[in-house]
């Protein structure tokens, strides 16, 4: 694979994950009341908590956007995004398994996050591998 092909393959993979993350951020910010019940939250405090999570999603996307710009040149940012995805999967899994049995709706919501972040982790891991391959071609 050429360096240019490596660049575009990795950009595509990072772009998919970034788009998913930004979409989740925007819907949480714009329509938090739709998602609050899935976290067993209600009313204005529930909407504020979900909106705050959406704002955090935007903040967390900074290294993804830097990596998307040029994943080979800014491979460190890609590594940070990969680490963030890993922490998300582990943290969400730990949260899921710490919940008591009766929180079915909350568990379903957390399972969605685990699936979402696990898919992102896989795509970013492939992008990281591809950018490593591209760097060896530069030498």
- prompt: Given a Förster distance of 30 angstrom, what is the FRET efficiency for residue 19 paired with residue 99, based on the Cβ-Cβ distance and rounded to 0.05?
  reply: 0.55
- prompt: With axes computed from alpha carbons, what is the tilt in degrees of helix 104-138 against the longest principal axis of the chain, rounded to the nearest 10 within 0 to 90?
  reply: 10 degrees
- request: For the chain, find the longest principal axis of its Cα atoms and tell me its angle to the long axis of helix 75-98, 0 to 90°, nearest 10.
  value: 30 degrees
message: Just to be sure I understand: if I project the alpha-carbon convex hull of the chain onto a plane and average over all orientations, what area do I get in nm²?
response: 8.3 nm²
- line: Computed over the chain: longest principal axis from alpha-carbon atoms vs helix 3-30 long axis, angle to nearest 10 degrees, is 20 degrees
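Packing-wise, with mean Cβ within 10 Å as the measure, how do 12-18, 93-99 rank, highest first?
Values: 12-18: 20.7, 93-99: 12.1.
The most tightly packed comes first, giving 12-18, 93-99.
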- prompt: Taking only C-alpha pairs under 8 Å that are 6+ residues apart, what is the relative contact order of the stretch 3-138 in percent?
  reply: 35 percent
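How much length, in nm to one decimal, is gained on full extension between residue 83 and residue 55, taken as 0.36 nm per residue of separation minus their Cα-Cα distance?
Details: separation 28, 0.36 × 28 = 10.08 nm, distance 1.96 nm.
Full-extension gain reported as 8.1 nm.
Taken together, the values in this text are just the output of simple stated rules run on the coordinates, not laboratory data. Everything numeric in this text was worked out from a predicted model, so none of it was measured. Neighbour counts are summed over all protein chains in view; Cβ atoms, including those assigned to glycine, are modelled from backbone coordinates with ideal geometry.
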